Amino acid sequence: MRLRIDLSYDGTDFRGWATQPALRTVQGTLEAALATVLRVPEARVVCAGRTDTGVHARGQVVHLDLPDGASHDDRLLRRLNGVLPADVRVRAVEEAPDGFDARFSATWRRYAYRVADRPGLVDPLIRGHVLAWPRPLDLDAMNAACQPLLGLQDFASFCKQRAGATTVRTLLDLSWSRAEDGLAVATVRADAFCHHMVRSLVGCLLAVGDGRRTPDWAAAVLGAAQRDPAVAVVPAHGLVLEEVGYPGDVSGLLAQAERARAKRESLS
C-alpha cells in the first residue's frame with residue numbers, strides 16, 4: 001500500500017529536506033516519526049520538492065510505501081503529530097490512488113516569496129518568514145520584467161548548476177502582488193525548479209523593483225544563459241513551498257509519471 005502524506009514545516013531549524021548524517025532535516029525527522037508510529041525498522045519517503053536549508057513549506061507532499069505486514073488506521077495522522085516536533089505538522093494522510101508518485105506525478109510546484117519593503121511592514125514576529133527590504137518596490141516594473149521569463153526556457157542564468165542536470169524548465173506563473181497586510185508577494189509556479197532558481201529570480205526582480213535595474217534587464221540575464229554575479233540569491237527564509245499540483249485521475253497520474261521519468265532518464 002502507498003500512502004500520500006501532506007505536511008507543513010517551518011524550515012528555520014532544519015538543514016533542508018534531505019536526510020544528512022548527524023544533521024536535523026525534515027525528511028529524517030518525518031521518517032523517524034513514521035518508523036516509531038508504524039513500528040517498523042525504517043520508513044522511507046519520497047517528496048514532491050526537496051527544499052533547501054531554511055526554506056519553509058505549507059503544501060509539501062510525500063509518499064510512503066508500507067512494508068509487508070505493516071498497517072495503518074485513521075489515527076495515524078493524530079499519532080504522527082503527537083510524535084513530531086512542533087515545527088512539522090502532518091495535515092492529511094490517505095491511501096494514494098494507483099499510479100501516484102509524489103515526485104514524478106506532480107505537474108507543477110508553486111512557491112511564494114514574501115518581502116516587507118516599507119519600515120511599517122517589518123514585523124519582528126514574522127522575521128523568520130519575510131525578507132526585510134530597505135527600499136520600496138515598484139511592483140509594476142517587476143511584473144513587466146517577469147513576462148519575458150515565462151514559458152519553456154533555459155534558466156541556466158538563475159540556477160546553481162549540477163553535473164548532468166538540465167536547467168530547462170517551464171515557468172507557468174511569475175508575478176508580484178500586494179497582500180492584504182501590505183507585503184510584496186512573488187508567486188512562482190513551474191513544472192519543476194533547479195537549485196536556487198526561485199531565490200535567484202526574486203533577487204533579479206528586486207533589483208528591478210527598487211530601481212537599480214530596468215525591467216529589460218531580467219530578459220537580458222536569461223538570454224546570457226550563464227550565471228551573472230550581479231544577480232543576488234536572496235535569503236531562504238522568505239520562501240515557502242505553497243502547493244503541488246497533480247492530475248485528477250489515475251490515467252493522468254500514470255502518464256505524468258512516465259513522462260517525468262523518461263525525461264529524467266534521457267538527461268542522465
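The values are calculated or read from the model by the stated rules, or taken from the named source; none is laboratory data. All figures in this text were calculated on a predicted structure; none of them were measured in a lab. FYI the Cβ positions are ideal-geometry reconstructions off the backbone, even for glycines, and counts take in every protein chain you see.
Quick notes
- Taken over the range 225-257, the criterion of being under 20 Å from the mean Cα position of the chain (by Cα) and hydroxyl-bearing (Ser, Thr, Tyr) is satisfied by TYR246 alone.
- Of the residues making up the range 9-34, those that are of a type in the set (A, V, I, L, M, F, W, C) and at pLDDT 95 or above are PHE14, TRP17, ALA18, LEU23, VAL26, LEU30, ALA32, ALA33, LEU34.
- Evaluation of PRO67 against (1) not in a loop (DSSP other than H, G, I, E, B); (2) not assigned by TED's automatic domain parsing to the domain that holds ARG169 (one fails), failing number: (1)
- Test for CYS194: is it modelled with pLDDT under 95 and either in contact with a strand residue (DSSP E or B) (Cβ under 7 Å, 6 or more places away or on another chain) or within 20 Å of HIS129 (Cα to Cα) (or both): yes
- Matching entry among PRO148, PRO85, PRO134 (being modelled with pLDDT of 95 or more, assigned by TED's automatic domain parsing to the domain that holds PRO235 and over 20 Å from VAL234 (Cα atoms)): PRO148
- Qualifying residue in the range 224-232 (condition: under 25 Å from ARG127 (Cα atoms), hydrophobic (A, V, I, L, M, F, W, C) and touching a Gly at 6+ places or on another chain (Cβ under 7 Å)): yes
- Considering SER200, SER251, SER175, the condition of being of a type in the set (Ser, Thr, Tyr), surrounded by 15 or more Cβ atoms within 10 Å (Cβ to Cβ) and assigned to a helix (DSSP H, G or I) is satisfied by SER200 alone.
- Failed criterion for ALA18 (all others in (1) of a type in the set (Gly, Ala, Ser); (2) assigned to a strand (DSSP E or B); (3) touching a Lys or Arg at 6+ places or on another chain (Cβ under 9 Å); (4) farther than 25 Å from LEU254 by Cβ hold): (2)
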